[in-house]
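What follows is one structure encoded as structure tokens, with my remarks underneath.
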């Protein structure tokens, strides 16, 4: 007769090890991939957490758990390659003119289109004055940087096969082109500053 494989009883070492692996995997994904902290959550001592975390990461069953759970989380949150690329593209190709209306006034956040709103990573409202003085309200948007998103998209398009190959393919930048680019950036920043000043003055007059 063939023996049936019995499931480990509750409280056994096999069950304890399996539970610890599950706890470790969940904690590892939740804490930003810190193996030591995940090992602590799984019940290992402070002294052994670092070594046990490193060991568990190499464990075949833990790797399977991590892969399965990560796929489930991404699927549940609809975090697809297309969505990530779309968000990167929104940041990379953001047009600052979409922040203002036709009169150069800063648009309220609820009137921004989806592409423009995606670039906003902070919002601040401050007030000055009060009492006998007129209250002036200032609204500022904090914008995400384009650089990281552009680099990510460039790599995705295969524009950086390697740093050395990139240098071989591309000629050195023309100093005159760099000067013109700097002038264009300075002009854009100055114009944005003037528009913000107009917005602030408009709020003060209202």
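The values are calculated or read from the model by the stated rules, or taken from the named source; none is laboratory data. Everything numeric here is computed off the predicted structure, so don't read it as measured data. Counting neighbours? That spans all protein chains shown, and the Cβs are built from the backbone with ideal geometry, glycine included.
Table: residues versus (1) surrounded by 10 or more Cβ atoms within 10 Å (Cβ to Cβ); (2) in a helix (DSSP H, G or I); (3) at pLDDT 85 or above; (4) in contact with a helix residue (DSSP H, G or I) (Cβ under 6 Å, 6 or more places away or on another chain).
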residue: 121; (1), (2), (3), (4): yes, no, no, no
residue: 128; (1), (2), (3), (4): yes, no, no, no
residue: 134; (1), (2), (3), (4): yes, no, no, no
residue: 138; (1), (2), (3), (4): yes, no, no, yes
residue: 141; (1), (2), (3), (4): yes, no, no, no
residue: 153; (1), (2), (3), (4): yes, yes, no, yes
residue: 159; (1), (2), (3), (4): yes, no, no, no
residue: 165; (1), (2), (3), (4): yes, yes, no, no
residue: 168; (1), (2), (3), (4): no, yes, no, no
Item to check | In the stretch 77-108, the residues that are assigned to a loop (DSSP other than H, G, I, E, B) and out of contact with any strand residue (DSSP E or B) (no Cβ under 9 Å at 6 or more places or on another chain) | outcome: 77, 78, 79, 80, 93, 95, 101, 102, 103, 104, 105
Next on the checklist: If a residue must be under 15 Å from residue 70 (Cβ atoms) and without any contact (Cβ under 8 Å) to a residue 40 or more places away in the chain, how many such residues does the stretch 22-33 contain?
Outcome noted: 7
Checklist entry - From the residues in the stretch 109-119 that are in contact with a strand residue (DSSP E or B) (Cβ under 8 Å, 6 or more places away or on another chain) and modelled with pLDDT of 85 or more, which one is nearest to residue 145 (Cα to Cα)? => result 119
